[in-house]
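Quick one: structure below, then a few questions.
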Amino acid sequence: MKPDYQKIISNVYADILKKPNSGKVPNYIPEIACIEEHKFGVHFTDLGLNNFGCGNFQEKFSVQSISKVFALSFVYEKLGEKLWKRVDVEPSGNPFNSLLQLEADHGIPRNPFINAGALVICDILLEICENPKETLLEFIRDVAEDDEIFFNEKVAQSEMDHSYRNTAMCNFMKSFGNIHSKPNSVIDLYCHLCSIEMTCEQLSKSFLYLANGGRKPTDRRQILPYLKAKRINAILLTCGFYDESGEFSFLVGLPGKSGVGGGIIAILPQKYCIAVWSPKLNVKGNSYRGMKFLEEFTTQTGETIF
Ligand code: GLN
């Protein structure tokens, strides 16, 4: 029997609200450090286009690393398998901004979801698009079926002003020949990609193509071939939460992606997408309440990919 998603979401939401909200809002990007930390939103959409939201699900927030999934989808579709010569598909087991591993791996990032991997994806976007920022926005608006999605220029600037680590990684990869454009242009595009703002509702709807074998369930358009969607879901499962990917898989059991803005998107292939937003992060940089919510949600629905 199909679980009563709406009831489970409302109950789990109410339970989590009663418990302490641990963790910290990150302070290394000043523009997102000032976010109200009690915000908490959830939005669920299934392939039958049933929707359900709780709390601050219609409020925009900085999706940060979640948008790396859109950038990867676009680039993978255009480049095909040769993409994997420049970025690997292995879990990193290290923080998302680790420099250490890049040296051992000779400038080839472990996967497209750590910062170094997303910088390479941005470098490719600069090579293959005339106007990469516009192209990215168009792609996201297309999968979201919503034109009200924008970069937050203040957040992008704030991140650029403090992007010492990302710049170091970019320069380092350039020394190995794995960055082709000017590092400054790559950082500018990367910071804009991270600055995209969306609501939980927009997020859960926009990820449906990955729950549906690459095809949008609304107009049946194939955004990605099935094989590529399958592979992106695999990378989401093994790499979507950096050095907590094993833990997320262990506790929640779904492919997903987090961002330091406090958002998490999780996907149950063939069934649904669910987005959660709560800005306080655990020590690994993943939303504290987001993880708790999703753990309890999949436990109560009795459905995971396992
Ligand atoms: N913009 C953030 C950074 O580069 C993205 C990291 C994240 O969301 N995990 O550090």
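The values are calculated or read from the model by the stated rules, or taken from the named source; none is laboratory data. All figures in this text were calculated on a predicted structure; none of them were measured in a lab. Every residue, glycine as well, gets a Cβ built from its backbone with ideal geometry; the counts of neighbours run over all protein chains shown. What goes into the accessible areas is simple: the full protein's heavy atoms, side chains included, and nothing from ligands, DNA or RNA. Shrake-Rupley method; radii C 1.70, N 1.55, O 1.52, S 1.80 Å.
Can you go through Ser175, Ser181 and tell me which one is within 22 Å of Glu81 (Cα to Cα), of a type in the set (Ser, Thr, Tyr), surrounded by fewer than 23 Cβ atoms within 10 Å (Cβ to Cβ) and out of contact with any strand residue (DSSP E or B) (no Cβ under 8 Å at 6 or more places or on another chain)?
Answer to the selection: Ser181.
Determine which member of the set Val87, Val155, Val120 is away from the ligand (no atom under 15 Å from the Cβ), under 18 Å from the mean Cα position of the chain (by Cα) and crowded, with 18+ Cβ neighbours inside 10 Å.
Going through Val87, Val155, Val120 in turn, just one is away from the ligand (no atom under 15 Å from the Cβ), under 18 Å from the mean Cα position of the chain (by Cα) and crowded, with 18+ Cβ neighbours inside 10 Å: Val87.
Given (1) within 17 Å of the chain's Cα centre (by Cα); (2) over 27 Å from Ile274 (Cα atoms); (3) not small (Gly, Ala, Ser), where does Thr167 come up short, assuming only one miss?
For Thr167, the exception is condition (1).
Hey, Leu125 hits all of (1) out of contact with any helix residue (DSSP H, G or I) (no Cβ under 9 Å at 6 or more places or on another chain); (2) touching a residue at least 24 places away in the same chain (Cβ under 8 Å) but one; which does it fall short on?
Here Leu125 meets the rest and fails (1).
Oh, and also: Can you tell me how many residues within segment 249-291 are open to solvent by less than 10 Å² (accessible area, probe 1.4 Å), at positive phi and away from the ligand (no atom under 16 Å from the Cβ)?
Residues flagged as open to solvent by less than 10 Å² (accessible area, probe 1.4 Å), at positive phi and away from the ligand (no atom under 16 Å from the Cβ) within segment 249-291 amount to 1.
Sort out which residues of segment 197-241 are open to solvent by 10 Å² or more (accessible area, probe 1.4 Å) and at positive phi, and write them in order of number.
Gly213, Arg220
Looking at Ile114, is it within 16 Å of the ligand (Cβ to nearest atom), among the β-branched types (Val, Ile, Thr) and open to solvent by less than 60 Å² (accessible area, probe 1.4 Å)?
Answer is yes for this residue.
Residues of segment 3-59 being within 23 Å of Lys216 (Cα to Cα), open to solvent by 60 Å² or more (accessible area, probe 1.4 Å) and assigned to a helix (DSSP H, G or I), which ones?
Within segment 3-59, Gln6 is the sole residue that qualifies.
With the requirement that a residue be buried (at least 20 other Cβ atoms within 10 Å of the Cβ) and among the polar types (S, T, N, Q), what does segment 159-172 give you?
Passing the criteria: Ser163, Asn166.
Looking for something surrounded by fewer than 24 Cβ atoms within 10 Å (Cβ to Cβ), more than 16 Å from the ligand (Cβ to nearest atom), in contact (Cβ under 8 Å) with a residue 40 or more places away in the chain and among the β-branched types (Val, Ile, Thr) - is there at least one such residue anywhere in segment 292-301?
Checking segment 292-301: at least one residue is surrounded by fewer than 24 Cβ atoms within 10 Å (Cβ to Cβ), more than 16 Å from the ligand (Cβ to nearest atom), in contact (Cβ under 8 Å) with a residue 40 or more places away in the chain and among the β-branched types (Val, Ile, Thr).
Quick one: which residue in Ile66, Ile140 is within 14 Å of the ligand (Cβ to nearest atom), touching a residue at least 40 places away in the same chain (Cβ under 8 Å) and surrounded by 18 or more Cβ atoms within 10 Å (Cβ to Cβ)?
Ile66
Related question: I'm told Phe74 meets every condition in (1) away from the ligand (no atom under 16 Å from the Cβ); (2) in contact with a Phe, Trp or Tyr (Cβ under 8 Å, 6 or more places away or on another chain); (3) in a loop (DSSP other than H, G, I, E, B); (4) open to solvent by 20 Å² or more (accessible area, probe 1.4 Å) except one. Can you identify the failing condition by its number?
Single failed check for Phe74: (3).
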